[in-house]
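First up is the structure itself, then whatever we jot down about it.
The values are calculated or read from the model by the stated rules, or taken from the named source; none is laboratory data. All figures in this text were calculated on a predicted structure; none of them were measured in a lab. Neighbour counts are summed over all protein chains in view; Cβ atoms, including those assigned to glycine, are modelled from backbone coordinates with ideal geometry.
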Amino acid sequence: MAEGATAQVPPRYLRTPEAARFLGLSGRTLEKHRTYGTGPAFKKLGGRVVYAIVDLQAWANRGTKNSTAETDAILPAKPHVSSVAGARHALRR
């Protein structure tokens, strides 16, 4: 490597469009998951939403199944009773 040249560092964090491609989802679906609290962990850096690759992998791994009989699954990107009730409770405060 030439002096002064730096090795290409792979990204540790991905913005929403790149994170969605990484997961094979649309950006809008990933945004909905974030809104409803059903998606992968994310960080806000300087007002920007970013996802750590390890968090994306961990979230995707939650969907790993050995049989269709297994019921635990990643929730769809839509409001769920517990998240809607929690939002209403927060608004009443």
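Some observations on this one:
- Test: residue 79 is at pLDDT 85 or above, in contact with a helix residue (DSSP H, G or I) (Cβ under 9 Å, 6 or more places away or on another chain), assigned to a loop (DSSP other than H, G, I, E, B) and over 30 Å from residue 9 (Cα atoms): yes
- Test result for residue 48, surrounded by 10 or more Cβ atoms within 10 Å (Cβ to Cβ), at pLDDT 85 or above and within 12 Å of the chain's Cα centre (by Cα): no
- Among residues of region 36-76, those that are of a type outside the set (Lys, Arg) and touching a residue at least 12 places away in the same chain (Cβ under 8 Å), counted: 21
- Taken over region 17-33, the criterion of being over 18 Å from residue 73 (Cβ atoms) and crowded, with 18+ Cβ neighbours inside 10 Å is satisfied by 19, 20.
- Qualifying strands (runs of 3 or more DSSP E) (wholly inside region 10-66; at least 2 residues being in contact with a Lys or Arg (Cβ under 8 Å, 6 or more places away or on another chain) and not acidic (Asp, Glu)): 13-15, 48-52
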